[in-house]
1. Which entries of Lys134/Lys293; Lys36/Lys499; Lys151/Lys419 have Cα-Cα distances beyond 26 Å here?
2. Could you please report the charge total around Thr527, scoring K, R as +1 and D, E as -1 over all other residues with beta-carbon less than 12 angstrom from its beta-carbon?
3. Determine the order of Glu156, Glu163 by accessible area, beginning with the largest, at a probe radius of 1.4 Å.
4. With a 1.4 Å probe and all protein chains left in place, how much accessible area per residue does region 207-258 have, in Å²?
5. Between region 410-482 and region 495-549, how many Å separate their Cα centres?
6. When the solvent-accessible surface of protein heavy atoms is calculated with a 1.4 angstrom probe, in what order do Thr127, Thr379 fall, highest first?
7. Using r as the Cβ-Cβ distance of Asn210 and Lys239, and R0 as 25 Å, what FRET efficiency do you calculate, to the nearest 0.05?
8. Would you tell me the accessible area of Leu15, worked out with a 1.4 angstrom probe on the heavy atoms of the protein chains, in Å² to the nearest 10?
Amino acid sequence: MSANFENFDFDPDQLRDKYRLERDKRLRSDGNEQYKEVKGEFSYFVEDPYVEKKIERGPIVDSAEVVIIGGGFGGMLAGARLREAGIDDFKIIEKGGDFGGTWYWNRYPGASCDIESYIYFPLLEETNFIPQRKYTNAPETLEYCGVISEKFRLHENAILQTEVTDTSWSDEEGVWKVSTNRGDDIKAKYIVHSNGPLNRPKLPAIEGINDYKGHTFHTSRWDYKYTGGSSKGALDGLKDKRVAIIGTGATAVQCIPHLGESAKELIVFQRTPSSIDFRNNKETDEDWYKSQKSGWHEKRRENFEGFLIGDFSGEDLVNDGWTEIFRTILQALRSGGPSKIRMASWAVTSIFSKDLYTKGFKQYMANKFMKHVGEGNITNKVEMVDFAKMEQIRSRADNVVSDPNTAESLKPYYRQFCKRPCFHDEYLDTYNRENVTLVDTNGKGLDKITDKGILFEGKEYEVDCIIFATGFEVGTDYTRRSGYGIYGRNGLSIMDKWKDGLVTYHGMHCRDFPNSFFFGPAQSAFTANYTHSLDEQSIHLAYILKTMKDRGLSLVEASQAAEEEWVDTIIDSSRDMRSFQESCTPGYYNNEGQPNQAPQNNPFGGGSLNFFKLMQKWRDKGNLEGLELKANDFN
Ligand code: NDP
């Protein structure tokens, strides 16, 4: 059967076969085990290259009402919202030399944010900050972290260059005890875990990494002393260097154009190509920005979330590559003729699965969907739209890259959300440069690293420098990713608590771990605009702590019943993505080709915006439902 959709002619059966073939090439039995944990002999890969002056100090013995672990957007927002609520006795412990989290570490040339700055930057109305462009970059984001920390005086509460090693609850004292790599002993009534989902860099376990005699680093610890230049590029230290980069994910896509521009020779080792859509960045129109009325920021963030969950009722305010994906699906569904609809579901979710939804959400989504779409075979149409979109992306490689073989190698053959979509206007063109070579490993990856360079299919590529753009740990244990242990009542480890799957209340509370708050998408909201959900979690945290303070309470713990009910809600609302994930080429989105996600390990399946509304409703009730509360005798 041949289908024609929006000027793209393709044969769906052929594409399905091709996708299967490309996935099968990449499937490997070792899954996450193909990566090394960056510690011990590899710890030089995670040393901080940015800190100008190492803080010399003795151990701190102190206490605080709240200890926040992590000084990224989550930790900063928690601090800001606590400050707003009048809770000033908090400490933020951060291993980097300053606030910024992922933006502190990822300063590689070209580092920028794919989410529109007017929604990605939180607290924009509070700070009156005007981002320079629609899509911001790492320097401006770090600058903005400085603006937030100044506005909310966060440096007064910061313990920087310090890594938490353990946290344990003392029933006797009714406090959390926090240990660090500086020998600190800090007691906290409440603890907030905001350690970031993409925090631990990973290295492929390729034979010979430590044999290599040249220079090497991971993109999240960019060595500007070696490369010269800055995150704007102009890497003049590379003008006489042969450089290899391993990986072609979202990070590599952003730094490769700068490496291509600066290095004498650049060799890109690719295992799987990324999908590269248009970026279309533009300067902020200050008049437009300043004319926005109070409340615009929240409205815009919600509008974006709405589009992502199929609420197409208003104007598309962000109107970019992310929202376009969902608008296109809607249009296609609308234009398709009526047929039998087995399960009404909203468009986004249909990308992943047809087996979804239960309870109230099912009806809610059904109404919404039927209103906009009418009846139709959703899953099939969404697949057609996905094929068309990816054909468009593949045709871009043909249009931009002159060498047909290289263009072919750069074409992604998988469904769009198998991997993180990338948006860039210079990446593909970089392969037209004389000094840039793409080594397409055809899904295999490298064979070996030698003392001089990289070996692939019998050919040794001698280079002066190898850059690892190989990403971050995602599918590994919580403790391994966070880098510290968490021990609740009677020494119960969080790993034991979660050994059969995640168990939380609202993703934030965990029974047997009193007075602790977890930030992140687990059993909570999942959105491409991650700072939005961190902000919502911070607002929620501040509300709970303020309410407790006002009521003379100081011990909070999820009740058994509330926890069980929330796990059921997660399972009931979870999208069964297994068949979609199984069809995907491996990557961290599908646990490296081994989708084994227990339904309870998913985020809330009703969509981020609905999760935020649910939490708002919960706060509006005012009774801290589902939480066991006590006045703690020890305080
Ligand atoms: P990724 O995990 O996305 O990419 C790692 C890359 O390394 C992949 O191309 C992978 O290939 C490749 N790789 C791994 N092992 C080998 C090997 N043995 N041989 C050859 N290649 C190998 O990491 P990134 O740092 O690129 O991105 C991580 C995440 O960070 C993104 O998904 C995104 O969420 C976030 N990010 C966001 C940005 C933004 O704009 N907001 C910008 C940059 C990053 P394969 O695909 O075959 O596994």
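1. Numbers: Lys134/Lys293 18 Å; Lys36/Lys499 22 Å; Lys151/Lys419 37 Å.
Lys151/Lys419, as the Cα separations exceed 26 Å there.
2. -3
3. On the way: Glu156 130, Glu163 65 Å².
From most exposed to least exposed: Glu156, Glu163.
4. I get 38 Å² per residue for region 207-258.
5. Result: 34 Å between the Cα centres.
6. In descending accessible area the options line up as Thr379, Thr127.
7. On the way: r = 28 Å, r/R0 = 1.11.
FRET efficiency, Asn210 to Lys239: 0.35.
8. Looks like 20 Å² after rounding.
The values are calculated or read from the model by the stated rules, or taken from the named source; none is laboratory data. All values reported here derive from a predicted model rather than from experimental measurement. Because the Cβ atoms are built from the backbone with ideal geometry, glycine has one as well, and the counts that use them run over all protein chains shown. Accessible surface areas use protein heavy atoms only, side chains included; no ligands, DNA or RNA. Shrake-Rupley method; radii C 1.70, N 1.55, O 1.52, S 1.80 Å.
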